[in-house]
1. When we measure straight from the Cα of Lys284, which aspartates and glutamates land under 18 angstrom away, once same-chain ones fewer than 8 places off are left out?
2. Any idea what the dipole of segment 10-84 comes to, in debye rounded to 20, about its Cα centre with Lys/Arg Cβ at +1 and Asp/Glu Cβ at -1?
3. Using the alpha-carbon atoms, what tilt in degrees (0 to 90, nearest 10) does helix 344-355 show relative to the longest principal axis of the chain?
4. Could I have the simple spin-label model distance between Lys137 and Lys150, label points 7 Å from Cα toward Cβ, reported in nm to one decimal?
5. Put +1 on the Cβ of every Lys and Arg and -1 on every Asp and Glu Cβ in the chain; which of Leu563, Ser475, Ala408 then has its Cα farthest towards the positive end of the dipole?
6. When only the heavy atoms of the protein chains count and the probe is 1.4 Å, how do Trp237, Trp72, Trp33 rank by accessible area, highest first?
7. Keeping all protein chains in the complex and leaving out DNA, RNA and ligands, what accessible area do you get for Lys354 with a 1.4 Å probe, in Å² to the nearest 10?
8. What are the lysines whose alpha-carbon lies under 22 Å from the alpha-carbon of Lys42, with same-chain residues fewer than 8 places away excluded?
Amino acid sequence: MCGIFGYVSSKKTSPRRVLAGLKRLEYRGYDSWGIATISNEKISVKKRVGKIGAASVGDLPEGYIAFGHTRWATHGGVTDINAHPHLDCKNEVAVIHNGIFENYESVKKDLIKNGHKFVSETDTEAISHTIEDQIKKTNFPEAVRKTFNKMEGLNAVIAICATDRSLIAARNGSPLIVGFGDGENFLASDAAALLPHTKKVYFLEDDEMAILTDKSVKVVDTKSGRLKKVKVQKITWNLADGEKGKFKHFMLKEIHEQPRVIADIIGSGTGPAQNLSKLIKSSKGSYLIGCGTASYAALAGTYLFSKIAKFHINSAIGSEFGYHLDFLNRKSLVIAVSQSGETMDILESVKKAKNKEAKIAALVNVLGSSLYRMSDYKTLIGAGPEKAVASTKALVGMLSHLILTAFALDGRVREGQITLNLALESTKNILTKKSIGHIKNLANKLKNKKHIYVIGRGLSYPASLEAALKIKEISYIHAEGLAAGELKHGPLALVEKGTPAIAYLPNDETYGANLAGAMEMKARGGYIIGVSFKPHEVFDYFIPVTDAREATIIPNIITAQLLAYYLTIEKGFDPDKPRNLAKSVTVK
Ligand code: M6R
């Protein structure tokens, strides 16, 4: 969940480069940050609690090698001392780390017995001290490799040594990408951070260790130490894709990019949907899995497949999928849906499904991500880099692909494109100045509310779950998405005078029943926000959404993204970096 950026060069500029790289990665973790550099065979470190924001590293000496980290705390509170990098006793080794060193307690106990002094509460510091011990017996890269092999759990470790001109990085589970430059090489936890420098990359595999100098990159197997072949790949994203441009926040920029995402998916042809649908048809007992927002895409997939193609598919949340394994065999297909392709609960589920010989298909946004590489079949979402913690355009990409696949399953893929085109037009209508102003006005009315409920049926049920997640995740207002039919089974007890309830009322078979739910809430004093193709007297506030048939879920969700964004702005919070969260959830 942490941002990592490393740099080794023949020129002396490293700390500033690393700072700039970390700023591009802060969405991966932002409770504290730290940078280390080597100058005249001495390691200097600067680390601080808080967002990296306007930080400077002018007080760090320039060096040929430097690395840094933005933290999302696991072991040890959010303090300057617990921020990475962590040093050994002699200040000769510095380490940054992503993941959880599961057996660190016993390793730490032994190190303390042998005289090592610990200053932080982190698991990471045990890595620096272990390297310190190993280095007495062997060279620096070997010392890191031996240390890495002692670690249990899923980890990425990057180390530097005061007397060595290389940056060493080993991974098992957590993502690390090497970037190739001219007289300089880079390392990052996310390819988007490399875009200003290079598009030539190598995605480290599990159990690989990279040794980067200014002139070369070597990759070895962490278990055997044997040299491995490096196949350089090219990133297709552009630099501007990962910049805020004229927008105040990444989230707003990404919301506005959604028409482009839908148009690209329509324009990229029917091949991906046809291929995925053939695969689904040839399998028995298939699952769509995802976490958070991606899990709602997976759930929406079950409704889309059933409604459009009369085809049954199961869906499961990544962290729960382990409990469905009994149903998997070699005929099963697991479609893993993920923006980052690095979500640990998804990767773990996929590994377990593979052990059951199930086929794996990925619907994933990041080329070269762990999920991308683990999967037998891959569909790239094509949303471009998504940096705001709250997922927006990736979800719209996931839904667009699933809509096309559902139509392909029914042999009507062309109709799928036409339907998506309706969603594109409807989305453009929502993103007009007038419509955004109307949603902004609603945010102003709701900003002091403690609870917001969202109701829907059918495809609007996953839409309700997603709308509530967006609202709670960034505005910190408690929000709950409900299947409208469940109101009477309990939640209605919570409705009192002025309780806001968003009701999704698209032009489909759910309209009448969902309207009844809205009325039940209204009768108990609820403030009804109708999101619909037509006004109704029960609405206290009406958000018009033009009908896009089965794809209306897309513009419906976009209204909630905007509401969540403007609620957050009204409350003075940062929509890009909500508290306690990080973009990529690489721990269990
Ligand atoms: O990268 P993934 O799509 O696998 O991420 C899954 C969730 O962590 C993610 O969607 C999360 O729920 C978002 N913060 C929601 O906005």
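The values are calculated or read from the model by the stated rules, or taken from the named source; none is laboratory data. Quick caveat: nothing in here was measured; it's all calculated off a predicted structure. Positions of Cβ are backbone-derived with ideal geometry, glycine not excepted, and every protein chain shown enters the neighbour counts. Note: accessible area is taken over every heavy atom of the protein model, side chains too, but ligands, DNA and RNA are not part of it. Shrake-Rupley method; radii C 1.70, N 1.55, O 1.52, S 1.80 Å.
1. Asp326, Glu357, Asp376, Asp410
2. Numbers: 13 positive and 6 negative charges, 51 e Å.
Computed charge dipole of segment 10-84: roughly 240 debye.
3. For 344-355 against the chain, the angle is about 90 degrees.
4. Label-label distance for Lys137 and Lys150, simple model: 0.8 nm.
5. Towards the positive end, the residue furthest out is Ala408.
6. Values: Trp237 35, Trp72 65, Trp33 10 Å².
Ranked list, largest accessible area first: Trp72, Trp237, Trp33.
7. 80 Å²
8. Lys11, Lys12, Lys90, Lys117, Lys136, Lys137, Lys215
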